[in-house]
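Worksheet: one structure, shown below.
Read-outs: derived from the displayed coordinates by stated rules, not from any lab. What you see is a predicted model, and the numbers here were worked out from it, not measured in a lab. Cβ sites come from the backbone with ideal geometry, for glycine too, and all protein chains shown count toward neighbours.
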C-alpha cells in the first residue's frame, strides 16, 4: 500500500493544517536537538580539540585505518568460509539420506538458535581448555561468525533450491542426469540467482557482527573508535559517532549491491522462481 | 558436570537477567517502533524524513557500537544516571541501547505489514471520512499487526540473542556470566557452554513455536 492511500489529498484547509503541523513538529525536533546539543556542550563535547584528530592524516593512518582493515579482513575471511559452509550444509539438508540430512539439520538449527557472542567466548576458552591451543581473538571472532552466518546461509541455500519448480529436477532426472549432476548443472545455477540478494544481505549482517570482536578485544574498527582514540584524545563520543558513520557508509554500500542484485534477479530469465526471503525474515512480502 | 550443578543458582540468575532485559526492551521497542512506523507513513514530510533517517542509521550500525555509545558515551561522559548503583545504571543504559536498535527493526516489520493491507481497506476508511490517525488506529494497524506476528517473533528471538551484547558494558547477563564461569572452572568449559546453549534454546525455541501458532491463529481471513 502506498503511504498516500492512508489519507486524502489535502485541500486548502488540509494544506494549511499540514503546514502548521509541519512547523510544530519541526520546532519540537529543533528543541530536542538543541537540548541534546546543550547537554553535549555542557560536557565540552564540541571542543575543537576532540574533533581535530579526525582531520589529521596520521590519526587515520596509524589508528583508524588499521582497525578498519582488521574489521574488513575478519569479515572477508568469515564470508569466504561461511559461504561454502552454507552451500555444503544447505545441500546436505536436502539430501535423501537421513544420516546426512539429520546431522546437518541439527548443526544448522543449533547454531542459529544460540547467540553469536557465546560461540565467540566458547572458541576463546574452549580452544585452550580442550585442545590446548592459543586461540587469537581473530580466530575466535571468525569461528563464531562462520558458524552462525554459515548456518543462516545454509537455510538460504535450502530455501533457494526448494523454491525452484519441481519440474526442473524431474526433467533433469528424466533426461538421464544423475542426482548430483541435476544439482550441479540444473538446480544450483538457478538457485544462485534467486538467493543472491539474500546472501548479500546476510553478508551485511556478518560485517556488522564483526563489531562483537570489540568485546573480546579484537582490534577492529570499533576498538579503534571506543578504546584507542579515546585513550589518546579523551574523545569517546566524537570518535564513536565517526565510527558509526563509517559503518553506516560501508553497510549502505553493500546494501545497495543487494538491492541491485535483487532487481537484476527479478528480471532474470535464467529462472522463473522469485528471489527468496532470508530465513527468520523480519518483514513480510507485500500483497500482490 | 558438577561445576554446572554447583553454579546452577548463578546460571539461573544470569538467565533471569537476560529475560528481564528482553522483556523491558521488547515493550519499549514495540512502542517506539510503532510510533516510527506511523511516522514513516504520515502525511508530514518532516516526520517521514526523520523516521526514515533514524531507521536507516540504526539498522546499519552494529549493536555493539550502539550499546557502547549508550553505556560509555551517555553513562560516563554525559553522566546520564538512573540509579546510584553502578550496575543498575548500566542495566538501564543497555536497555536504552537495545530498545533504540530493536525499534528500527520493529518499525520495518510493521511497515511491511502495512503494505500487506489491501488498498481497498484504507480507501473505504477514507470514504467514511476517517482521518489519517483514525485510519491507522482502527483500520490499518490492527490488520498490519496480525500480518507481522511471525516477523515480530523473529525480531523477539533476535532480541533475546542480542541481549548478550550488553556484556560489552559489563551487564552480567548470561554471556558474561558464562565467560566468568569459564575462568573459574577451566576444566568444565564444554559442559558450561552446553548448559548455556541449552538455556538459550529453551528461551528461543518456544518463542518461535508460540509466534508461529499465534500467526496462524490471528491471521486475517481474506
Checklist entry - Which peptide among B:168-175, B:203-210, B:29-36 comes first, and what is the full order, when sorted by highest mean count of other Cβ atoms within 10 Å? => result B:168-175, B:29-36, B:203-210
Checklist entry - Where does each of A:37, B:15 land when they are ranked from fewest to most other beta-carbon atoms within 10 angstrom? => result A:37, B:15
Checklist entry - Which values of log₁₀ I(q)/I(0), to two decimal places, follow from the Debye formula for the range B:2-217 at q = 0.08, 0.12, 0.18 Å⁻¹ with a uniform point scatterer at every Cα? => result -0.36, -0.73, -1.25
Item to check | For chain A, built as a Gaussian network whose Cα springs stay under 10 Å, the top-fluctuating residue of A:133, A:187, A:222 | outcome: A:133
Checklist outcome for this item: Inter-chain shielding metric for B:160-171, i.e. average beta-carbon neighbours from other chains within 10 angstrom, reads 4
Checklist entry - Which ordering of A:119, A:183 is given by a fewest-first count of other beta-carbon atoms within 10 Å? => result A:183, A:119
Checklist entry - So how far apart, in nm, are the two label points at residue B:49 and residue A:267 if each is 7 Å from Cα heading toward Cβ? => result 3.1 nm
Checklist entry - Pick from B:58, B:176, B:133: which residue has the top mean-square fluctuation in a GNM of chain B where Cα pairs under 10 Å get a spring? => result B:133
Checklist entry - Per-residue ellipticity at 222 nm for chain A, helices alone: DSSP H runs ≥ 4 residues times -39500 (n - 2.57), over residue total, nearest 500 deg cm²/dmol? => result -22500 deg cm²/dmol
Next on the checklist: Suppose only helical runs count, i.e. DSSP H with n ≥ 4. What mean residue ellipticity at 222 nm does that imply for chain B under -39500 (n - 2.57) per run, divided by all residues and rounded to the nearest 500 deg cm²/dmol?
Outcome noted: -24000 deg cm²/dmol
Next on the checklist: How many angstrom lie between the Cα centre of the range B:12-41 and the Cα centre of the range A:211-259?
Outcome noted: 25 Å
Checklist entry - How far is helix A:116-131 tilted off the main Cα axis of chain A, in degrees rounded to 10, range 0 to 90? => result 70 degrees
Next on the checklist: Give the average, rounded to an integer, of partner chain Cβ atoms located within 10 angstrom of each Cβ in B:53-64.
Outcome noted: 6
Item to check | Mean Cβ count within 10 Å, highest first, over the residues of peptides B:125-131, B:59-65, A:7-13 | outcome: B:59-65, B:125-131, A:7-13
Checklist entry - Order of B:90-103, A:100-113, A:50-63 by packing, highest average Cβ count within 10 Å first? => result B:90-103, A:100-113, A:50-63
Checklist entry - Ranked by Cβ crowding within 10 angstrom, fewest neighbours first, how are A:214, B:82 ordered? => result B:82, A:214
Item to check | Approximate spin-label separation residue A:280-residue A:56, in nm, with each point projected 7 Å along Cα-to-Cβ | outcome: 4.3 nm
Item to check | Stokes-Einstein D in µm²/s, Kirkwood radius over Cα pairs - the protein assembly as shown at 20 °C with 1.002 mPa s viscosity | outcome: 86 µm²/s
Checklist entry - Just counting partner chain Cβ atoms within 10 Å, what average do the residues of peptide B:111-120 show around their Cβ? => result 5
Checklist entry - Angle between the Cα long axis of helix B:149-162 and the longest principal axis of chain B, 0 to 90 degrees, nearest 10? => result 30 degrees
